[in-house]
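Engineer: Have a look at this one.
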Amino acid sequence: MLAARRDRIVARRGDDTYEVAQRLVWLAERRVDIALVGGDNPVSHEREVAMAETVAWIRDRLGDDGRVLLHAHNGHVGRSRSRMPNGRLSHSPQMGEYLVARLGSDYAVVYSTFDAGEFLAFYTRGWVGAEQFKTRLLRAFSVRPAPRGTLEATLRAPAAYALDVGEATAAAGPLADYLRAEHWSRTFTYAWRPSFAVFPVGWTGIAPAADFDVLVYVPLAAATRP
């Protein structure tokens, strides 16, 4: 239907309006595909591909000098697959893997994390990605300082800071060695229950130097207001 009205839309609104509308239809179709494949589980290969292709589409429209600021969960933007609590790599490539393959060094990743405080999420009675166990009410969850051995505990500091990972690993030293190695990091998602912060079920294994360019640490987080 949209294609049949292309000439009329372009004449009235211009090519840009038509291309955006066409993309929105494409996204709606991908959402149906994701639901058909994954059911109530929002974590899927199809979702990651759709997000990556949409980001690349936006950048292509901006031209060679265009810049896109993408705000997404750490688990989506990393350059490589995170490691699950059972020691295995996540099942499918993430959005960041597709983007780095397409954009190369033009793709820069900022990893943000915090030590303690509050964040908003839906309470779940099941595992992280199971929609049928998730309640529909957002609430603030409190978490204590990160357990010993996690990335957040090791990099703990009294004030917030941003660390240039590339610069920190340019020379030899304890910090460079640490950032090149793989470590557990707590993962905070849209669906949550308090036990996820204590047991490794809610952790992921990451290698900072391989996965991102900048690390932003905040000692105390405050829940946003919806």
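Engineer: Using a 7 Å offset from Cα along Cα-Cβ at A176, what residues in the stretch 204-221 end up with backbone N under 19 Å from the label point?
Structural biologist: 207-215, by backbone N distance to the label point.
Engineer: Per-residue HN-Hα couplings for the stretch 163-180, Karplus 6.51 cos²θ - 1.76 cosθ + 1.60 at θ = phi - 60°, whole Hz, x for Gly and Pro?
Structural biologist: Couplings: 10, 6, 5, x, 5, 5, 9, 5, 10, 6, x, x, 5, 4, 4, 5, 5, 7 Hz.
Engineer: D115's amide H: which non-local residues (gap 5+, or another chain) put their own amide H closer than 5 Å, with H modeled 1.01 Å from N in plane and none for Pro or chain starts?
Structural biologist: V218, L220, A221
Just so you know, all these numbers are worked out from the coordinates, no wet-lab data involved. Worth saying up front: this structure is predicted, and the values here are computed from it rather than measured. Don't worry about glycine lacking a Cβ; one is built from the backbone with ideal geometry, like all the others, and counts go over all protein chains shown.
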